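Please read the structure below before turning to the comments.
Bear in mind that the values in this text are calculations on the coordinates, not laboratory data. A quick note: this is a predicted structure, and the numbers were derived from the prediction, not measured. Note that we place each Cβ from the backbone using ideal geometry, even for glycine, and neighbour counts take in every protein chain shown.
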């Protein structure tokens with residue numbers, strides 16, 4: 001196992017085992033300090049998403065396992081964060097379902113393309129969607145609106161939250177449509 005794959009698998013394991021434990025055991029909803037500490041942990045996990053791919057390319061250690069598990073680890077991290085935020089009342093059910101359903105649809109399209117002898121490559125919009133979802137999750141953990149901020153400051157943070165929410169929704173839908181169009185294009189080419 002190389003360092004890149006180790007980072008990916010560590011992100012996957014931490015997203016499933018450590019992240020829920022920390023969020024359910026720490027008093028992060030009532031303590032801004034705990035929220036910041038947990039966000040630092042989440043940011044470290046997000047950073048491994050950036051670092052594992054960079055290291056793989058830089059050190060020429062790209063692998064099939066890395067290509068498979070990197071997007072799985074991303075999806076598990078984002079889904080875990082959205083489920084935690086939903087259980088804490090910080091995101092609505094609709095956005096959680098949108099995020100999860102989009103991931104299953106894209107995984108299905110990629111699998112179907114493979115069955116037809118084609119490959120649906122990762123696209124820029126998918127990477128931007130993941131980064132935006134991660135940023136939104138991190139923001140919602142420390143969003144001052146949940147820690148007693150009042151007045152104009154509360155209004156500003158509420159507007160930031162709404163802007164990020166809409167970005168997540170738009171990029172989630174847009175990237176799914178982009179994957180569908182890419183799927184159609186590559187499967188038509190492979191059928192010829």
Open item on the list: Can you confirm whether residue 68 is out of contact with any helix residue (DSSP H, G or I) (no Cβ under 6 Å at 6 or more places or on another chain), in a helix (DSSP H, G or I) and in contact (Cβ under 8 Å) with a residue 12 or more places away in the chain?
Closed with: no
- [ ] Under 7 Å between Cβ atoms, at least 6 apart or on separate chains: pull out the pairs that start in region 147-173 with a residue that is farther than 18 Å from residue 85 by Cα and end on any residue that is part of a helix (DSSP H, G or I).
- [x] 149/157; 153/144; 154/145; 171/125; 171/128; 171/129; 171/132
TODO: With the condition kept exactly as written, say whether any residue in region 81-91 is under 19 Å from the mean Cα position of the chain (by Cα) and exposed (fewer than 15 other Cβ atoms within 10 Å of the Cβ).
DONE: yes
Open item on the list: Considering only residues that are more than 18 Å from residue 161 (Cα to Cα), in contact (Cβ under 8 Å) with a residue 12 or more places away in the chain and either under 15 Å from the mean Cα position of the chain (by Cα) or in a loop (DSSP other than H, G, I, E, B) (or both), which ones fall in region 108-146?
Closed with: 116, 117, 118, 119, 120, 121, 122, 123, 125, 126
